[in-house]
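In what follows, a structure is listed as structure tokens, so that the remarks can point back to it.
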Amino acid sequence: MERSLSPFELEVAGLIIETLNLDDVAAEQIEPEAPLFGEGLGLDSIDALELSLMISKRYGIQLRSDDPNNVEIFASLRALAQHIEQHRSQ
Amino acid sequence: MMLNKALHAKRWSELPERGTPLMLWLICWIATHIGRWAARLLLYPIAFYFLLTAHEARRGSYDYLKRVLGRDADWRHVFKLIHCFAATILDRVYLLGGDFERFEVKVHQAEIFHRQVDSGQGCILLGSHLGSFEMLRALGVSQQRIPLRVLMDTEHNSSITRFLHALNPEIAATVIGSYRPDTLLEVKESVDEGFLIGALGDRPTGAGRTMRCEFLGAPATFPIGAIQLAAIIQCPIILFFGLYRGGNRYDIHFELLTDRVAPDRARRAQDIERWTRRYVERLEYHTRRAPYNWFNFYPFWD
């Protein structure tokens, strides 16, 4: 497993921290393949919503609740960054 | 401590597991084939059964009743509480079947509700386990159907709720169950489409942030999730209370909590606290006026 973050992964990590006010976490510290929700970063469903809306706004992606891949997309920082990179429009 | 209370709530919701599906089926059958009067006769032995066997529910009830009545309660008060609960469950059978005409429903501040529905814009309808949330459906009778979806913690769903939803799969399909990462995104999309999202704000679920507030004179822990949600979505929060008054009578109360929670992050946390406190105040107000509608049968205080 590649533990260090790519530049874009760093950027997305920064967005997560900024959006959710995670004062005690540094972007580089986030493990790219660790879970975002529950364990790992320990985000909850409210965080998920805020993040989804911010990602939509920042990268022009429409995240929809009926996307069957949502669990995978939000499974880790790496998966999320990958999804954004593939679908971004801005 | 928090987890403890959520476990209590979960255990309570599982209590009816013991032998009850048959009982529920029986009441249901009698309710729909013989009549409400017959089913209501059955409520007495059923309430006695739970009075005698549901020890934890009884303990929680004694504690609650003492606080709300201001004096020691005895088994008759607990019985009345359980009986009231059972009566509203029976009535949910009719509500879920679209059979509202049999109830005498008095609606207070109905214009708050109708204005919201007419606006075509969604909101959070925040209720509690005081009385019957299902009474909301009785309001659909004059309009074609109110655009309602209920946000429900389906992991901790009681067997009663599962059973009732089996009666009406169409309504069950409108439930938004938790807790995938995209669950609340689904809520936001529904609100954008003009749905009213029903949620209950008095029981923490283990996950989700909480806040301690004074309730009936002592601190208790309340979830803040629904109000946080309204803050992020930027929609109004309307309070809902569907109170059972005996016989076939219900009182419905609507109250506007707020049009908008403060959008900017700086003020948001404070605002969420403020509105949570206000919700709890209003919950206490209505609880005192309908004490036998309190259906949180577990140790509620910290």
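In table form, for the structure just shown:
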read-out	value
Near pairs, Cβ below 8 angstrom, 6+ apart or cross-chain, from region B:118-129 (without any contact (Cβ under 8 Å) to a residue 24 or more places away in the chain) to any residue that is of a type outside the set (Val, Ile, Thr)	none
Extreme residue, modelled with the lowest pLDDT, among residues of region B:181-195 that are more than 22 Å from the chain's Cα centre (by Cα) and at the interface with chain A (Cβ under 8 Å from one of its Cβ atoms)	B:181
Residues (within 14 Å of chain B (Cβ to nearest Cβ) and assigned to a helix (DSSP H, G or I)) located in region A:13-39	A:16, A:17, A:18, A:19, A:20
Subset of region B:199-221 that is within 22 Å of residue B:149 (Cα to Cα) and assigned to a strand (DSSP E or B) - its residue that is nearest to the other protein chains (Cβ to nearest Cβ)	B:207
Scope region B:234-253; condition surrounded by fewer than 21 Cβ atoms within 10 Å (Cβ to Cβ), over 15 Å from the mean Cα position of the chain (by Cα) and assigned to a strand (DSSP E or B); matching residues	B:249
Single residue of region A:40-67 satisfying the filter (part of a loop (DSSP other than H, G, I, E, B) and in contact with a strand residue (DSSP E or B) (Cβ under 8 Å, 6 or more places away or on another chain)) that is nearest to the other protein chains (Cβ to nearest Cβ)	A:44
Pairs with Cβ under 6 Å, 6+ apart, first in region A:31-60 and farther than 18 Å from residue A:21 by Cα, second of a type in the set (Gly, Ala, Ser)	A:33/A:76; A:34/A:40; A:60/A:89
Pairs with Cβ under 9 Å, 6+ apart, first in region B:264-289 and free of Cβ contacts under 8 Å to residues at least 24 places away in the same chain, second of a type in the set (Ser, Thr, Tyr)	B:274/B:258; B:278/B:258
Candidate set: region A:31-60, residues that are at pLDDT 90 or above, more than 10 Å from residue B:181 (Cβ to Cβ) and aliphatic (A, V, I, L, M); chosen: the one surrounded by the most Cβ atoms within 10 Å (Cβ to Cβ)	A:55
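The values are calculated or read from the model by the stated rules, or taken from the named source; none is laboratory data. Here the structure is a predicted model, which is why all the values come from computation and not from measurement. Methodologically, a virtual Cβ is constructed for each residue, glycine included, from the backbone with ideal geometry; neighbour enumeration extends over all protein chains shown.
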